[in-house]
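The values are calculated or read from the model by the stated rules, or taken from the named source; none is laboratory data. All of these numbers come straight from a predicted model, not from anything done at the bench. Methodologically, a virtual Cβ is constructed for each residue, glycine included, from the backbone with ideal geometry; neighbour enumeration extends over all protein chains shown.
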Amino acid sequence: MKYVIMFTTTPELDAAVSPEHAEQVYRRTYDWFGTNRAVLTAAGAQLQPVTTATTVTHGGDAPVVADGPFSEAKEVIGGFQVIDVPDLDAAIAIVKTWPLLELPGVSVEIRPIVVD
């Protein structure tokens with residue numbers, strides 16, 4: 001079954017992490033991608049910062065384009081990856097090993113992909 005895993009962070013908490021610790025965790029993140037290569041699909045990407053976002057919403061008579069997101073959440077999606085695993089338990093097991101989870105404000109959202 002395919003799932004999208006979305007890596008989220010809370011930007012205001014990023015400053016609390018020392019550069020040395022962040023570098024160590026990011027190095028382990030590259031290893032994580034290598035370790036889990038068998039279940040990763042070609043779909044996935046790291047995203048530019050949320051400050052580069054453009055949002056299109058319904059504005060009454062026509063769509064409205066605005067700089068930035070309209071999210072009320074403090075977390076932002078920093079990237080995503082599609083994984084192909086037997087079930088949700090397998091997806092959770094992989095996500096639990098995501099190295100950045102040890103940093104403040106980091107989480108990973110898991111969603112199954114709709115299959116027609």
Restricting segment 1-59 to residues that are modelled with pLDDT of 90 or more and charged (D, E, K, R), the one surrounded by the most Cβ atoms within 10 Å (Cβ to Cβ) turns out to be K2
Only one residue in D89, D67, D84 is among the acidic types (D, E), surrounded by fewer than 11 Cβ atoms within 10 Å (Cβ to Cβ), more than 14 Å from the chain's Cα centre (by Cα) and more than 25 Å from P11 (Cβ to Cβ), so which one is that?
D89
Looking at the structure I just gave you, is V76 surrounded by 10 or more Cβ atoms within 10 Å (Cβ to Cβ), in contact with a Ser or Thr (Cβ under 9 Å, 6 or more places away or on another chain), at pLDDT 80 or above and aliphatic (A, V, I, L, M)?
yes
Tally time: how many residues in segment 16-66 are closer than 30 Å to M1 by Cα and part of a helix (DSSP H, G or I)?
15
